[in-house]
Amino acid sequence: MDCNDSHTLLSGEQLIYAITIPLSTSIILANLVIILGIAWNRQLHNTPNYFFLSLLVADLCTGVALPFIPLMGMNRELSFGSCLVAHIFPNFLFLAFLLNLVMVHYERFICIVDPLHYNNLWMHRSFPLALLVVWTPPLLYASLPAFGWNNWTGPDWNSCCASSQKLIPVSNCSTNGTTCCSYRRVFPNAFIYLEVYGLVLPAILTIAGMTGRVLWITRGQLKDICRLHRSVERGSQASDREQRLNLRYTRCLVAVSLTFLACWVPYLIYMHVCIAVLITDTKWSSTTHIVLSCTGIGSMAVVPLVLGLANKQYTEPAYKLLQKIRDRWRRRRTQESDEVGV
């Protein structure tokens, strides 16, 4: 998609907004519900929930930036500063969201694996330092293109603008101080490879590894409980209680597997397709890129919502508010029907 193809650019933006606006709105509203639920319940004002609150704020910001992330794959006419902001800021929010997600999983992982040393974790002793750890490195890394690690003045850009369709002279792309803004001009290949294989993929694998370890420990504890129960009951066959425990564990395993498949697999597919296109420098449809980027990044942003909405303590204030509204509406309807009957 070249800089001068305004019709293609407009149709691409319309497709992006059509996909991302409903998804972004849902992510923002769901995060606000959980954030208000934690804020209103004083029993939830503790360090673990503060970490989760930081994750929700990062997810909320990702939901706000979601419509702009797929635009990073399109060539647009922007000034140098505007082009850097349009690429650096969404990338910073995405990396901060990912690091917050790793921190929340690690904190809960230690709670299960090593409960005796859980309260002595450094992140509990120094919560502000933990916040700096999850927010500062993403900001510093995402800002590297602004400090010179970019392709803005590279030799390939002095003669033409890169396009997924063809090469266009700079004179045709530059109007009123603007130039052809592309992610290839902001992010060098080395920067992209380092982010994907040095930050993003290890973070996802770390989360998957901690989740798998927790499920393995849970399975071992379940076997110990069943063995103890059989020794007390002196029976060789599984009782109804054991069957219920096994069924609950199976449901948990299925829920975790489906969550991983639905939330992480689309993003992993999108990430590796982008890398493959970058390496081979092949042409691909802008519609395919838009659909993959919107679904991949949007599905990943749903992960904290799954964790939050599954906890009744987080959603209880919203549930009580909806219940009060429903009861008030029913009373009003009853009074109106009584007045009509009189």
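The values are calculated or read from the model by the stated rules, or taken from the named source; none is laboratory data. None of these values were measured; they are calculated from a predicted model. A quick note on method: Cβ atoms are made from the backbone with ideal geometry, for glycine too, and the neighbour counts reach across all protein chains shown. Each accessible area value is taken on the protein alone, full model and side chains, heavy atoms only, with ligands, DNA and RNA left out. Shrake-Rupley method; radii C 1.70, N 1.55, O 1.52, S 1.80 Å.
Table for the structure above
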| quantity | calculated |
| --- | --- |
| Subset tally (residues that are open to solvent by 50 Å² or more (accessible area, probe 1.4 Å), more than 13 Å from S54 (Cβ to Cβ) and of a type outside the set (F, W, Y)) for region 110-128 | 10 |
| Subset of region 68-88 (residues that are open to solvent by 10 Å² or more (accessible area, probe 1.4 Å), part of a helix (DSSP H, G or I) and in contact (Cβ under 8 Å) with a residue 40 or more places away in the chain) | M72, G73, F80, S82, L84, A86, I88 |
| Qualifying residues in region 239-272 (those that are modelled with pLDDT under 80 and of a type in the set (V, I, T)) - the one farthest from Y193 (Cα to Cα) | T250 |
| Enumeration of residues in region 132-162 that are modelled with pLDDT of 90 or more and among the aliphatic types (A, V, I, L, M) | L132, V133, V134, L139, L140, A142, L144, A146 |
| Qualifying positions in region 16-54 - under 17 Å from the mean Cα position of the chain (by Cα) and among the polar types (S, T, N, Q) | T20, S24, T25, S26, N31, S54 |
| Odd one out for E107, checked against (1) farther than 24 Å from V134 by Cα; (2) surrounded by 16 or more Cβ atoms within 10 Å (Cβ to Cβ) | (1) |
| Qualifying residue in region 208-219 (condition: assigned to a helix (DSSP H, G or I) and either of a type in the set (D, E) or at pLDDT below 70 (or both)) | no |
| A58 being surrounded by 20 or more Cβ atoms within 10 Å (Cβ to Cβ) and either free of Cβ contacts under 8 Å to residues at least 60 places away in the same chain or in contact with a Phe, Trp or Tyr (Cβ under 6 Å, 6 or more places away or on another chain) (or both) | yes |
| Counted residues, region 263-283 - those being open to solvent by 60 Å² or more (accessible area, probe 1.4 Å) and either touching a residue at least 24 places away in the same chain (Cβ under 8 Å) or aromatic (F, W, Y) (or both) | 2 |
| Flag if L29 is at pLDDT 90 or above and exposed (fewer than 15 other Cβ atoms within 10 Å of the Cβ) | yes |
| Region 113-132, residues that are assigned to a helix (DSSP H, G or I) and among the charged types (D, E, K, R) | R125 |
